[in-house]
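Participant: Below is a structure I'd like to ask you about.
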Amino acid sequence: MAFLEGITCVCDNGLTLEDYKPIVGDEIVSSIRRKAATLQGKSIVHVNSTYQSGGVAEMIISLVPLLNDVGIRTHWKILNGPSDFFTITKNFHNALQGEPVRFSDEEKHLYVRTNEDFSAHLTIDHDCVIIHDPQPLPLIRFYQKTQPWIWRCHVDLSKPDMELLDFLKDDILKYDWMVVSHEQYRRENLPIEQKICRPAIDPLSEKNRELSADTIAELLAEYEIPTDKPLITQISRFDKWKDPEGVIDVFRLVREEVNCRLILCGSMAPDDPEGWMIYGRVEEKARDLIESGDVILITVENHLLVNALQRVSTVILQKSLREGFGLTVTEALWKGRPVIASRIGGIPLQIQDGETGFLLDPTDTEGFAERILRILKNPALGDELGRKGKEYVRVHFLITRLLTDYLDMLNATFVPSDQIACT
Ligand code: UDP
């Protein structure tokens, strides 16, 4: 786990590359060591804006110890700023994902100034700088750039608000590379080298490691989650793009036919000021179901609980309206559970419809309900989809593959070449 010490995020999960051998095999581990050989003693720094809650932090937490283990001195810094800053950057996030939002000059000014203030506390003397997402993007303005800077954008950029992108463009173009999660997020109007790097999960983290039946039972008892009927679960921040209100509509249809329970589990991220507002709307919409115990809303941040919920659920939902990648999908597939999800963003990279789960148009409420009912009535189908999904994740979306991508990227950064294997 990670904790914050000033602006430095300290993460030591005690794991080394060797620990992953039983899962990914000798060949992958040896190949990683070979790729790291040319990078010994290099130093890099990751900068993002939260050390918890959300896919970006999850990945960095696991990546930092592994990069250090293979000989690259890796630091992780967290941009801090006033709450107004995070409101603005949350709106940036929404606008980059296609929502029409206008920004005043004052807001843009606060965005840049927060980065400038932060730069006074952040010494950068590393061999490479990796900036995650729009929050710390303008940091690059405030340094004498003597090393490669990479902008790792985790947002779905397929239909961005062009006015905002235009505002961010000057900063983006100062970077050496921009890295996105999907081919569709490349922006042709940005004259910068753009690479693809798929996200990944750590199979040994608290979120994903094997849990005993006793541990699962204890966690469910602690959070008062009964298992007397099938559980349908969506693990996601309370965010409009995750469509928790749409999930309630789906559940009402399912509940008419099969007695089951819905869990919506979404911890509140410190850099996400909208969370409680959306939570309130869901609570209002599902009041009767919450009172009858058929819907349970959870807002605690507990990785073991997420792990347990993903393992005991009969069906996992991800009914997002936009989704950069959707690590919750990867995590659920890794637990061997069937996932029913929207055919958007990075989700189709992970689920083959009818093979490793089901994909639907995000507005297809009846379709979601029908697929859930299909699995509730035929649990063997769910087990089969989940089994195939787990193997797909093992091959494509584990942290060792992400580490490999980073090593390829760093090798290409320090020794530029046209043959970069980061896809
Ligand atoms: N998450 C969590 N607790 C919650 C909700 C989400 O730990 O209550 C985690 C989830 O397990 C996943 C990450 O937050 O690791 C969300 O990543 P994803 O890519 O699905 O969406 P994002 O929040 O980055 O848009």
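Participant: Per 0.36 nm of contour for each residue apart, how much would the distance between residue 395 and residue 343 grow if the chain were fully extended, relative to their Cα-Cα spacing?
Facilitator: Gain in length upon complete extension: 16.6 nm.
Participant: Tabulate in residue order the Karplus-calculated ³J(HN,Hα) for the stretch 245-252, using 6.51 cos²θ - 1.76 cosθ + 1.60 with θ = phi - 60°, rounded to whole Hz; enter x for Gly and Pro.
Facilitator: Along the stretch 245-252, the couplings run 5, x, 5, 4, 4, 4, 4, 4 Hz.
Participant: Collect residues whose amide H, placed 1.01 Å from N in the peptide plane, falls under 5 Å from the amide H of residue 195; neighbours closer than 5 in sequence don't count.
Facilitator: Excluding prolines and chain starts, which carry no amide H, the hits are 178, 179, 180.
Participant: How about residue 207: which aspartates and glutamates have a C-alpha closer than 12 Å to its C-alpha, ignoring those fewer than 8 places off in the same chain?
Facilitator: Once the sequence-local aspartates and glutamates are set aside, what remains near residue 207 is 58, 301, 331.
Participant: Okay, moving on. Using the alpha carbon gyration tensor of the stretch 192-303, what are the three equivalent-ellipsoid semi-axes (square root of 5 times each eigenvalue), largest first, in whole Å?
Facilitator: 26, 21, 14
Participant: Placing +1 on the Cβ of each Lys and Arg and -1 on the Cβ of each Asp and Glu in the chain, which of 134, 385, 244 has its Cα farthest towards the positive end of the resulting dipole?
Facilitator: The residue sitting most towards the positive pole is 385.
Participant: How are the alpha carbon pair distances in the chain distributed across 10 Å bins from zero to the largest one, expressed in percent?
Facilitator: Going from the shortest bin to the longest, the percentages are 4, 22, 32, 26, 13, 3, 0.
Participant: Rg and Dmax of the stretch 154-240 over Cα atoms: what are they, in angstrom?
Facilitator: Cα radius of gyration and Dmax of the stretch 154-240 are 20.5, 56 Å respectively.
Participant: Let's test the formula: R0 of 60 Å, r as the Cβ-Cβ distance of residue 258 and residue 8. What FRET efficiency results, to the nearest 0.05?
Facilitator: Plugging the Cβ-Cβ distance into 1/(1 + (r/R0)^6) gives 0.75.
Participant: A further question on this structure: Taking the Cα atoms only, what angle lies between the long axis of helix 162-172 and the longest principal axis of the chain, rounded to 10 degrees?
Facilitator: Helix 162-172 sits roughly 40 degrees off the main axis of the chain.
Participant: Roughly how big is the chain's charge dipole about its Cα centre, with Cβ charges of +1 (Lys, Arg) and -1 (Asp, Glu), in debye to the nearest 20?
Facilitator: Roughly 840 debye for the chain.
Participant: At 7 Å along Cα-to-Cβ for each site, give me the label-to-label distance between residue 300 and residue 169 in nm.
Facilitator: 4.9
Participant: Please list, short to long, the whole-number percent of alpha-carbon pairs of the stretch 33-184 in consecutive 10 angstrom bins beginning at zero.
Facilitator: 10, 40, 36, 12, 2
Participant: Right, something else. Cα extents of the stretch 259-299 along the three principal axes, largest first, in whole Å?
Facilitator: 37, 16, 10
Participant: List, in the order given, every pair from 42/169; 35/195; 21/229 whose Cα-Cα distance in the structure shown is over 26 Å.
Facilitator: Those over the limit are 42/169; 21/229.
No value in this document is a laboratory result; all are computed from the given coordinates. Computed from a predicted model, the values in this text were never measured in an experiment. Heads up, the Cβs are rebuilt from the backbone with ideal geometry, glycines too, and the neighbour counts pull from every protein chain shown.
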